[in-house]
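Down below is the structure, laid out as structure tokens.
Here, each number is a calculation from the coordinates, and none is a lab measurement. Quick caveat, the model's predicted, so the values are computed rather than measured. Neighbour counts run over all protein chains shown; Cβ positions are idealised from the backbone, glycine included.
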């Protein structure tokens, strides 16, 4: 079994031939493997691989205004190190470590040791620190609001979600606000050993559990068991939840005993709900005018939830919109009013269908991991404010009760992640990337982020090094054996930063006198010890684990329910909120000077939504694609085959297409004041009228010079998304709040699309 490895899409069995990865087949224990794994060999050996260190020629001549343009020069590692060392020392001397921003994001490899951003941050910590970023693009608003409401983020991510066996045994109705995308359930940062979400949903249907999906887009709808789809105007879920709550009050179905014992602040919230405080009753008729859902349907849903044991959940996408804190807060409040929180298999939790194996039974133990250590500097920005920071040094923001000042950055270093995929308003990001003195990127492929760098360092894939996998939502851990030698001059992040640590005299602090295999054994044995100490689980020693290829923790006998301990004894197990209870009214928010966030959940009209749209405008949502993970695997395998005429498909309702003279397969132009892109029309009834769905992840491919005024040829929605944050509390990204125009493109608007190498790269590339 030593051929087992792990990817973001699941464990795989790897076969090699003549120094190349020949095939990646599903793990024998995986019941529902992802089809995306078949494209991995093509990605590993793609012509867009970064094979040698490269430096932008114009940067060597003093130009920083034209990043994204011009030629690169391939150099040896020592030359690259010389430039990086000089830039780091100059910045530290002139501005201190506050002049270094390590923006890196986590997705890069399922391996927990060779985790790119962790190695970058660990190295920088040994030389004095760096400006960090907090939160994730996936659920930044939730990360900020949930601790104020329920004390921590267990409800949002990690392994402590209510488990499917408990849900299936106890709930009779499951409501997915934001829908459930089964393709998302097949990915995990640390690599899932088994994909079970589809099986759980099938079993729910077999048992007669009613499934209700509330979403403008019905992803995976045809694959779900018997269910109901409620088409809702994007960004209005909070209004629907408020109307359901109002119906509970009107019909005297509120669980006041639960609210009195386990919650704080309901008395301050109810007058808003009933209209006593503002003169507006949040009833079904009011909500119908906002959401587009008939009032009778809303009343029927409220009755169904009050008459049955229910489990409520919201996708992470629901909070990536203006005022994205509100639907999560309101859904917790609704579950509390129903009295369902903490009952076996009932209540509320988030992210089912947003990440692999959410709700799968697993032991309560964190996965194997490598640590970045303590940042001596301690400065940070919210994750989605990178462009703001670069464009406005010295600017001030109020974030989660803290006053922050944007630093003046000389060096941007990205290792892991691709901001030209996941950042909002890409044309603004292009402008921001032209501000620092130096941009360094560790990358596997010549992505747009690499092409907007000054120094590019070639990183290895997971199959070109040894590693170990692990996910907090999975009981499997893989021994990720090196399968092939690194292509070109690529190096692992551990080797890259070990070389730099040698130059700075910090190699002992960085590497702790361990080599790659020494670290893997150390990480695994720590995991094995914790498994024994916490669970009484006996895992094989490292040598046996490495030989077998994977280890497996036992499934717990008792299915876990979130907040069951709190409900069982709130005095002994209080929440980490000021009151120790669920805070429907938050004293922290009331006193935090965030004037755009009220101390209790409420409906706040977004700046961009269909209620304010011009006659020809549509609302664009940008879900995760079924054909890849973020931008990974774009251009190969399933993602390549999913393109239409080489472009990303944009899904729109036939009704909207007919009014614009658009037919299935037409190239369309999508634009607003922030940018424009081309995509290919894919007509479907699974998108409600007034809405288009353009998946994220198509590699940014501008026509001409990148930035404002260019046109993305490939269909990247983030040239259209807004930089407006969810709120001043979270400063989180709000990509799903975007109005656009759509029209059939003229024939002249059909330039070729290609994932190209920069000038100067690729003329004498070795066989890959």
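Region 664-712 and region 352-373 have Cα centres lying 34 Å from one another. Just check region 229-331 against the gyration tensor rule for me: Cα atoms, a ≥ b ≥ c as the square roots of the eigenvalues, rounded for a/c under 1.5, and otherwise prolate or oblate depending on whether a/b exceeds b/c. Rounded. Label sites at residue 85 and residue 565, each approximated as a point 7 angstrom past Cα along Cα to Cβ, lie 5.0 nm apart. In whole Å, what is the distance between the alpha-carbon centres of region 262-336 and region 377-418? Result: 34 Å between the Cα centres.
So for region 378-448, Kirkwood radius off the Cα pairs, Stokes-Einstein at 4 °C and 1.567 mPa s: how many µm² s⁻¹? It would help to have the intermediate numbers written out before the result.
Values: Rh = 13.1 Å.
Roughly 99 µm²/s, to the nearest whole number.
Rounded to the nearest 500, the helix-only mean residue ellipticity at 222 nm of the chain stands at -8000 deg cm²/dmol, with each DSSP H run of n ≥ 4 adding -39,500 (n - 2.57). Within the set [x] 25.1, 84; [y] 25.5, 76; [z] 30.0, 115, the number that Rg and Dmax of the Cα atoms in Å takes when calculated for this structure is listed as [y].
Arrange the peptides 571-579, 152-160 so that the one whose residues have, on average, the most other Cβ atoms within 10 Å appears first.
Values: 571-579: 13.2, 152-160: 19.9.
In descending order of packing, they fall as 152-160, 571-579.
Calculate the FRET efficiency for residue 307 and residue 226 from the Cβ-Cβ distance with a Förster distance of 25 Å, rounded to the nearest 0.05. So the FRET efficiency works out to roughly 0.85.
Once C-alpha pairs closer than 8 Å and six or more residues apart are averaged by separation and normalised to the residue number of the chain, the relative contact order reads 21 percent.
Ranked by the mean number of other Cβ atoms within 10 Å of their residues, highest first, the peptides 77-90, 214-227 come out as 214-227, 77-90.
Name the shape class, rounded, prolate or oblate, that the alpha-carbon gyration tensor gives for region 38-78, where a ≥ b ≥ c are the square roots of its eigenvalues, rounded holds for a/c under 1.5, and otherwise prolate holds if a/b is larger than b/c and oblate otherwise. Display every interim value, and only then the final one.
Numbers: a/c = 4.54, a/b = 2.06, b/c = 2.20.
Note, shape of region 38-78 comes out oblate.
Rounded if a/c is under 1.5, else prolate if a/b is larger than b/c, else oblate: which is region 611-749, with a ≥ b ≥ c the root eigenvalues of its Cα gyration tensor? Rounded shape, in that the Cα axes give a/c under 1.5.
Exposure proxy shown here: for 651, 31, the number of other Cβ atoms within 10 Å sets the order, fewest to most, as 31, 651. Rounded to 0.05, the FRET efficiency of the residue 705 and residue 297 pair, given R0 = 45 Å and the Cβ-Cβ distance, is 0.35. The angle between the Cα long axis of helix 325-338 and the longest principal axis of the Cα atoms of the chain comes to about 40 degrees, rounded to the nearest 10. Projecting label points 7 angstrom from Cα along Cα→Cβ for residue 541 and residue 76 puts them 4.3 nm apart.
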